[in-house]
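**Q** Once you've had a glance at the structure underneath, I'll fire off some questions.
The values are calculated or read from the model by the stated rules, or taken from the named source; none is laboratory data. Remember, it's a predicted structure, so these values are computed and weren't measured experimentally. A quick note on method: Cβ atoms are made from the backbone with ideal geometry, for glycine too, and the neighbour counts reach across all protein chains shown.
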Amino acid sequence: MVWRLADMPDQTGRVFVVTGANSGIGFEASKALSRKGARVVMACRNLGKAEAARAEVGGDTEVRELDLGSLASIHAFAEAWEGPIDVLVNNAGIMAVGPFDEEDEATVVRQLEINLHAVIHGTKEAVRRMKPRGTGHIVNVASSAGKTGFPHLATYCATKHGVVGMSEAVRGELRGTGVEISVVMPGIVNTELAAGLVETRGFKISTPEDVAELVVEALEFPRFDVFVPKSIGPTWAALQIVPRRAREAFARALKLDRALLDADRDARAAYEARAAASAPGAERERETV
């Protein structure tokens, strides 16, 4: 039987793990889930920031260390866990903006490790624990960039396409097991990750609270595709029946490409410097894990 949040108003004792929970979408999702009465585990690399965030989230909330740039850390987190995990929200991610041919290899590796490899391994660890119980829900936070390509965002798009494709495949494997999987695909969200991006006619900027609200909704009433805002969904579906050249012309008319092409690189400098330090030793981890 599929477990739905809406069927069980009292979430006492249920465990919701949220990655990248000390800010942005992860923080707001933690708050929203905590309000449901669940035990929320904020899995973060920076424990100092996470403790401050936990105090604000309140409720039955705890912090555990998890370095998503390390496959060993992901495995150790799962192995050390005692008891069930009812919901996993794979939220953490980083984004680098710039011309594809100018992107250095370290930037490529960081995005692959955190945005894609960590989600694959986190999903796998959750599936291994949820399937025997016949219940659970995995929410993978991808992006609308997982459905199309945006200039100056090539590697990020590749990672998010990977998350969407992996999630679709796993959904097929989980059919009939009682375990649900959803993929959340926001457009531009007003977080540090989107610093310096340009709002266009085609992109309504959402808030982290908007995304958190739809994460909770997907848990209450399970569905796979979760677009934020919801209007992205029918727009994307309609465009798939249009020839590529017409589709690309329409996107240019809405100036969708300008959101990234006209990004303020100076405004993004502080964020990208912090993201650059987010996956230490990624090459070494791939060789040893």
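**Q** Any residue at all in the range 188-195 that is in a loop (DSSP other than H, G, I, E, B), of a type outside the set (A, V, I, L, M, F, W, C) and under 17 Å from the mean Cα position of the chain (by Cα)?
**A** Checked against the condition, which is being in a loop (DSSP other than H, G, I, E, B), of a type outside the set (A, V, I, L, M, F, W, C) and under 17 Å from the mean Cα position of the chain (by Cα), the range 188-195 yields at least one hit.
**Q** Output the residues belonging to the range 241-289 that are at pLDDT 80 or above, out of contact with any Leu (no Cβ under 9 Å at 6 or more places or on another chain), assigned to a helix (DSSP H, G or I) and not hydrophobic (A, V, I, L, M, F, W, C).
**A** Matches in the range 241-289: 244, 245, 248, 252, 258, 265, 266, 272, 274.
**Q** Of all residues in the range 51-85 being part of a loop (DSSP other than H, G, I, E, B) and aliphatic (A, V, I, L, M), which is surrounded by the most Cβ atoms within 10 Å (Cβ to Cβ)?
**A** Among those residues, the one meeting the criterion is 68.
**Q** I'm told residue 211 meets every condition in (1) in a helix (DSSP H, G or I); (2) at pLDDT below 95 except one. Can you identify the failing condition by its number?
**A** (2)
**Q** Is it the case, given these coordinates, that residue 22 is at pLDDT below 90, in contact with a helix residue (DSSP H, G or I) (Cβ under 6 Å, 6 or more places away or on another chain) and more than 22 Å from residue 128 (Cβ to Cβ)?
**A** In short, yes.
**Q** Starting from the range 84-108, keep only residues that are within 22 Å of residue 270 (Cβ to Cβ), then list their pairs with residues that are among the small types (Gly, Ala, Ser) and surrounded by 18 or more Cβ atoms within 10 Å (Cβ to Cβ) whose Cβ atoms are within a distance under 6 Å, requiring at least 6 positions of separation or different chains.
**A** Matching pairs, first to second residue: 91/20; 91/26; 92/20; 94/275; 94/278; 97/263; 107/96.
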